[in-house]
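The values are calculated or read from the model by the stated rules, or taken from the named source; none is laboratory data. Values in this document were obtained by computation on a predicted structure and should not be read as measured data. As a convention, Cβ positions derive from the backbone with ideal geometry for all residues, glycine included, and neighbour counts pool all protein chains shown. The accessibility values were calculated without ligands, DNA or RNA, using every heavy atom of the protein model including side chains. Shrake-Rupley method; radii C 1.70, N 1.55, O 1.52, S 1.80 Å.
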Amino acid sequence: MTDLIVITGPTASGKTGKAVALAKALDAEIISADSRQLYRGMDLGTGKDLEEYGDVPYHMIDICPAGYKYNLFEFLRDYQKCYDEIRSRGKQVILCGGTGLYVESVLKGIQLPPVPQNEELRAKLSTKSLEELTEILKTYKTLRNNSDIDTCKRAIRAIEICVYYHENPTLKLATEPHPLENVLTIGVSIPRDDRRQRITDRLKARLDAGMVDEVRRLIDEEGVAPDDLIYYGLEYKYITKHVIGELTYDEMFTGLETAIHQFAKRQMTWFRGMERRGFPIHWLPYNLTSDEFVTEVKALLK
């Protein structure tokens, strides 16, 4: 049995359906690697499409309340717990999702030991601006994205973690890459024009299905602050701004459509970077039938 099968690719490429077909063929269970499907009540905007899973067990979906800010440490901790439980049942594990940071961190075999709060350091950094905190963090590590520096609170926590590992070099070793070996990574490829059309069609369908009402419910009934929804970006950023009156419907649709296209482009940039960093991805066309996809993956497994 392969230790792990990864199904990844850009948004709107049909990853979930492919992963479910493969899981049925291999008697496998699926762990989600989507950074927003973690949140309860954020269904249409994150494209959970739970009906696609049928009787295939899935994990790491609907595990946090909307408004919470989940992080990489929590993902790796929860992923490992799910992985160990699935393997204890003798089942194959499929990791499916398009959040490149999560997928690559798993493939790297990174571990993030818990880091205690450093109140003295926090007090020292509390008067710093976000720009100053960013420069401090850059002295400890290369910033590959903005997840650590979107707020002062997160930047301070990131610095706190770096300082702790610097002061505890044996723990720091666990955070270094130990790439997994018995892994097959499949990418679902889709031509740019097809991807753009599928993104537009899917956006219209989700809006027709009530995506604006979903955001209103999260704000009015669940008590999620608009700023917390805007933090999640894409659908929740633009629709929230529409709901609170900052954007007209047409402005929301046009801005959101453009943002999703740009997001898909960034995803592909990340995946190409993964390949350059030594993580091979076997790309299979998005328009393969489920049976054809399963056949291709089984051949690669051999």
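Using the Karplus equation 6.51 cos²θ - 1.76 cosθ + 1.60 (θ = phi - 60°), what ³J(HN,Hα) coupling, rounded to whole Hz, does each residue of region 240-247 give in order, writing x for Gly and Pro?
Rounded to whole hertz, the list is 4, 5, 5, 5, 8, x, 7, 9.
Show me the trypsin sites (Lys or Arg not before Pro) within region 73-182 that DSSP assigns to loop and that have at most 14 other Cβ atoms within 10 Å of their Cβ. Don't skip to the answer; put the middle values down first.
Working: sites: 77, 81, 87, 89, 91, 108, 122, 124, 128, 138, 141, 144, 153, 154, 157, 172; in loops: 89, 91, 128, 141, 144.
For trypsin sites (Lys or Arg not before Pro) across region 73-182 that sit outside H, G, I, E and B with at most 14 neighbouring Cβ atoms in 10 Å, the list reads 89, 141, 144.
Filter the trypsin sites (Lys or Arg not before Pro) in region 203-282 to those in DSSP coil with at most 12 other Cβ atoms within 10 Å of their Cβ, and list the result. Mind dumping the intermediate values first?
On the way: sites: 204, 206, 216, 217, 237, 241, 265, 266, 272, 276, 277; in loops: 277.
Qualifying residues, ordered by number: 277.
Full-extension gain between residue 174 and residue 62, please, as 0.36 nm times their residue separation minus the C-alpha to C-alpha distance. Please list the in-between numbers first.
On the way: separation 112, 0.36 × 112 = 40.32 nm, distance 2.87 nm.
That works out to 37.4 nm of additional length.
Excluding ligands, DNA and RNA, what is the solvent-accessible area per residue of region 141-234 at a probe of 1.4 Å, expressed in Å²?
On the way: 5380 Å² over 94 residues.
Computed with neighbouring chains in place, this is 57 Å² per residue.
Percent of accessible area on the chain owned by carbon and sulfur, 1.4 Å probe?
Working: 7490 of 15260 Å².
So the carbon and sulfur contribution to the accessible surface is 49 percent.
Can you give me the orientation-averaged projected area of the convex hull built on the Cα atoms of region 1-121, in nm²? Spell out each step's value before the answer.
On the way: hull surface 34.5 nm².
Dividing the Cα hull surface by four gives the mean projection, 8.6 nm².
Per 10 Å bin, what is the whole-percent P(r) computed from every C-alpha pair distance within region 55-162?
Binned Cα distances yield the sequence 11, 38, 31, 15, 5, 0.
Can you list the lysines whose alpha carbon sits under 24 Å from that of residue 204, skipping same-chain ones fewer than 8 residues off?
Cα-Cα hits under 24 Å: 15, 18, 48, 237, 241, 265.
Among 24/298; 24/91; 24/81, which pairs are too far apart, with a Cα-Cα distance over 18 Å?
Numbers: 24/298 13 Å; 24/91 11 Å; 24/81 22 Å.
Distance filter (> 18 Å) returns 24/81.
For the pair residue 192 and residue 296, what calculated FRET efficiency results from E = 1/(1 + (r/R0)^6), where r is the Cβ-Cβ distance and R0 = 25 Å, to the nearest 0.05? Working shown, then result.
On the way: r = 22 Å, r/R0 = 0.88.
Approximately 0.70, to the nearest 0.05.
Residue-wise, which Karplus ³J(HN,Hα) couplings in Hz belong to region 256-269, taking 6.51 cos²θ - 1.76 cosθ + 1.60, θ = phi - 60°, and x for glycine or proline?
For region 256-269, the Karplus-derived couplings read 5, 4, 4, 5, 5, 4, 5, 4, 4, 5, 5, 4, 5, 4 Hz, x marking Gly and Pro.
Over 16 Å, how big is the tail of the calculated P(r) for region 180-236, in percent of all Cα pairs? Present the calculation step by step, with values, prior to reporting the outcome.
On the way: 996 of 1596 pairs.
Taking all Cα-Cα pairs of region 180-236, the fraction more than 16 Å apart is 62 percent.
Mind checking the full-extension length gain between residue 91 and residue 250? Use 0.36 nm per residue of separation minus the Cα-Cα distance, one decimal, nm.
Numbers: separation 159, 0.36 × 159 = 57.24 nm, distance 4.70 nm.
Gain on stretching residue 91 to residue 250: 52.5 nm.
What is the calculated FRET efficiency for residue 181 to residue 261, with r their C-beta to C-beta distance and R₀ = 41 Å, to the nearest 0.05?
Numbers: r = 36 Å, r/R0 = 0.87.
Computed FRET efficiency for residue 181 and residue 261 comes out at 0.70.
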